[in-house]
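Each remark here refers to the structure printed beneath this line.
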Amino acid sequence: MIKIAPSILAADPINLERDVHRAEEAGCDWLHIDVMDAHFVPNLAYSPEVVRRLKAVCRTPLDVHLMLDHPEQMLDTFLEAGADVLTVHAEIDANVPEILKRIRHSGALAGVALKPGTPFEAIRDYLEKADLILAMTVEPGFGGQKLDGRVPEKIAQIQKSGYNGLIEADGGIYENNLPMLAEKGLTVAVMGTAIFGATDMRETIERLHRI
Ligand code: DX5
Ligand code: ZN
């Protein structure tokens, strides 16, 4: 069954606790938390303190996506705050394999993310260090965008490579394109608008789980 990870970027920030509890009661598998520094991406989003407070009130694993130029400076902070999955981007100017090693060493799952235009080859040398590959299906930064048509083939390529970790996609995923992504090998779907904008969240997640 595909794991459904609602992205809290699409939740109501002043009613975050209410919204994450709605998502948990509706049967989500993970909660996806975007962290943005206004440099790596042109937007700002959730701080370590928000992760720490969510950890205290949520029973669902927290999937933290770091869109930062220098995630290596914030790893310990987000791990201590309670990230269960911590993902950094392959495009940064830092030692990504070393970062993945540090995340894994803490007991969390280590993820590496690729922007839509970054080829799978960029991470081939250190695949065994990643528990999860996040193939961004939109340019990171904002919710509500359209899925980039180049990415499904990249997901198929990751699966065909024999990679046996989790394959996650993030951005522009809805009920109508999830079956296609699942067929390519997707195992975790991050969905913001499609979940928090649903009229019946529970029914929506139930249908998504049947895909
Ligand atoms: C985009 C974020 C996504 C975003 C997805 O940079 O990483 O998590 O919230 O939102 P939707 O599902 O609305 O495209
Ligand atoms: Zn994300």
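For a test of the definition: using alpha carbon positions, the gyration tensor, and the 1.5 limit on a/c, classify region 76-211 as rounded, prolate or oblate.
Numbers: a/c = 1.79, a/b = 1.40, b/c = 1.28.
Because a/c hits 1.5 or more and a/b exceeds b/c, region 76-211 counts as prolate.
Projecting the Cα atoms of Leu86, Ile4, Leu147 onto the dipole axis of the chain, where Lys and Arg carry +1 and Asp and Glu carry -1 at the beta carbon, places Ile4 farthest toward the positive end.
Given Lys146/Lys184; Lys129/Lys160; Lys55/Lys115; Lys55/Lys146, which pairs have Cα atoms separated by over 20 Å? Intermediate results must be reported in sequence, preceding the final value.
Numbers: Lys146/Lys184 18 Å; Lys129/Lys160 18 Å; Lys55/Lys115 27 Å; Lys55/Lys146 30 Å.
Long pairs (Cα-Cα over 20 Å): Lys55/Lys115; Lys55/Lys146.
Ordering Ile133, Thr77, Leu178 by the projection of their Cα atoms onto the charge dipole of the chain, which places +1 on the Cβ of Lys and Arg and -1 on the Cβ of Asp and Glu, puts Leu178 at the extreme positive end. Under 5 Å between amide hydrogens, built in the peptide plane, is the criterion, and for Met191 it picks out Ala5, Ser7 among residues at least 5 positions away or on other chains. Summarising the label geometry, the points placed 7 Å from Cα in the beta-carbon direction at His209 and Lys146 lie 3.3 nm from one another. With a 1.4 Å probe and every protein chain kept in, tell me what percent of the accessible surface of region 157-211 is carbon plus sulfur. Ligands and nucleic acids excluded, carbon and sulfur reach 45 percent.
Which of rounded, prolate, oblate describes region 15-96, given a ≥ b ≥ c as roots of the alpha-carbon gyration tensor eigenvalues and a/c under 1.5 marking rounded, otherwise prolate only if a/b is larger than b/c? The partial results should precede the final answer.
On the way: a/c = 2.13, a/b = 1.90, b/c = 1.12.
Taking the square roots of the gyration eigenvalues as a ≥ b ≥ c, region 15-96 is prolate.
With θ taken as phi - 60° and the Karplus curve 6.51 cos²θ - 1.76 cosθ + 1.60 applied, the whole-hertz 3J(HN,Hα) list for region 11-21 is 7, 8, x, 8, 10, 4, 4, 4, 5, 5, 5 Hz, x standing for glycine and proline.
Using Cβ point charges alone (K and R +1, D and E -1), the dipole size of region 3-199 about the Cα centre works out to roughly 320 debye. Each Lys or Arg adds one and each Asp or Glu takes one away; over the other residues whose Cβ falls under 14 Å from the Cβ of Leu132, this sums to -4.
Taking amide H positions as modeled 1.01 Å from N, with prolines and chain starts lacking one, the residues under 5 Å from Gln145 and 5 or more places away or on another chain are Gly172.
Distant-in-sequence amide contacts of Thr137, defined by a placed amide H-H separation under 5 Å and a gap of 5 or more residues or a different chain, comprise Asp170, Gly171. The residues of the chain present an accessible area of 44 Å² per residue when probed at 1.4 Å with all protein chains retained. Evaluating 6.51 cos²θ - 1.76 cosθ + 1.60 at θ = phi - 60° for every residue in region 41-58, the Karplus couplings come out as 9, x, 7, 10, 8, 2, 8, x, 4, 5, 4, 4, 5, 5, 4, 6, 10, 10 Hz, glycine and proline recorded as x.
Got a number for carbon plus sulfur as a percent of region 1-118's accessible area, 1.4 Å probe? Working shown, then result.
Numbers: 2460 of 5020 Å².
The C+S portion of the solvent-accessible surface of region 1-118 is 49 percent.
The values are calculated or read from the model by the stated rules, or taken from the named source; none is laboratory data. If you're wondering where the values come from, they're calculated on a predicted model, not measured in any experiment. Ideal geometry is used to build each Cβ from the backbone, glycine not excepted, and the neighbour counts take in all protein chains shown. Areas reflect the complete protein model, heavy atoms only, side chains present, ligands, DNA and RNA absent. Shrake-Rupley method; radii C 1.70, N 1.55, O 1.52, S 1.80 Å.
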